[in-house]
Amino acid sequence: MAEPDPFSRREREAMDILYRLGKATAAEVRSAMGDPPSYSAVRALLTTLVRKNAVVHEQEGRRYVYRPAVSADAAGRSALRRVVDAFFDGAAVEAALALLRLEGRLDEDELARLETKIREAEADEEAP
């Protein structure tokens, strides 16, 4: 059974903004949000993310600057694992096929790139 997303909708939105910007103040996060809550609500949201160890912060002058605690790559793999577990019963191949169906027909360049990535993944698994 897949573990649920550890973030609320607003927390996920703030995380997405921080991944996109790399780092940001509460005011910058707020300005990037759709239908933003109050400034104090954004600060509380970021404090919650710090408590969840999803975000770290450092003081620059009188303000805090926030950034994700883990790389976008690691977070993406974790999120993808939750999706594969929840919707494809843990079967990565089924998830990949669903993505291919979603994208429609791949052109020759995309197919070649996909084949290359598959070979690289196979080589990585065979390496000691």
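The values are calculated or read from the model by the stated rules, or taken from the named source; none is laboratory data. On a predicted model such as this, the values are computed, not experimentally measured, just so you know. Note that each Cβ is placed from the backbone with ideal geometry, even for glycine, and that neighbours are counted across all protein chains shown. Ligands, DNA and RNA are excluded from the accessible area calculation, which covers all protein heavy atoms including side chains. Shrake-Rupley method; radii C 1.70, N 1.55, O 1.52, S 1.80 Å.
Remarks
- Check: the chain dipole with +1 on Lys, Arg Cβ and -1 on Asp, Glu Cβ, in debye: 1140
- Nonpolar atom fraction for the chain, defined as the carbon and sulfur part of the 1.4 Å probe accessible area, stands at 53 percent.
- What the range 20-72 shows is 64 Å² of accessible area per residue, with the surface traced by a 1.4 Å probe over protein heavy atoms.
- Here's the picture: charge each Lys and Arg Cβ at +1 and each Asp and Glu Cβ at -1 in the chain, and of 32, 95, 106 the one pushed furthest to the positive end of that dipole is 32.
- Computing Rg/Rh (Cα atoms, Kirkwood Rh) directly from the structure and comparing it against (i) 0.95; (ii) 1.08; (iii) 1.11 singles out (ii).
- Rounded to whole numbers, the Karplus 3J(HN,Hα) couplings from phi for the range 71-77 are 5, 4, 4, 5, 5, x, 4 Hz, using 6.51 cos²θ - 1.76 cosθ + 1.60 with θ = phi - 60°, and x at Gly and Pro.
- With one equal scatterer per alpha carbon and no solvent term, the Debye-computed log10 I(q)/I(0) for the range 38-102 at 0.24 1/Å reads -0.98.
- In degrees, nearest ten, helix 108-126 long axis to first principal axis of the chain (Cα): 90
- Computed P(r) (all Cα pairs; the range 2-60; 5 Å bins; percent): 4, 19, 34, 27, 11, 4, 1, 0
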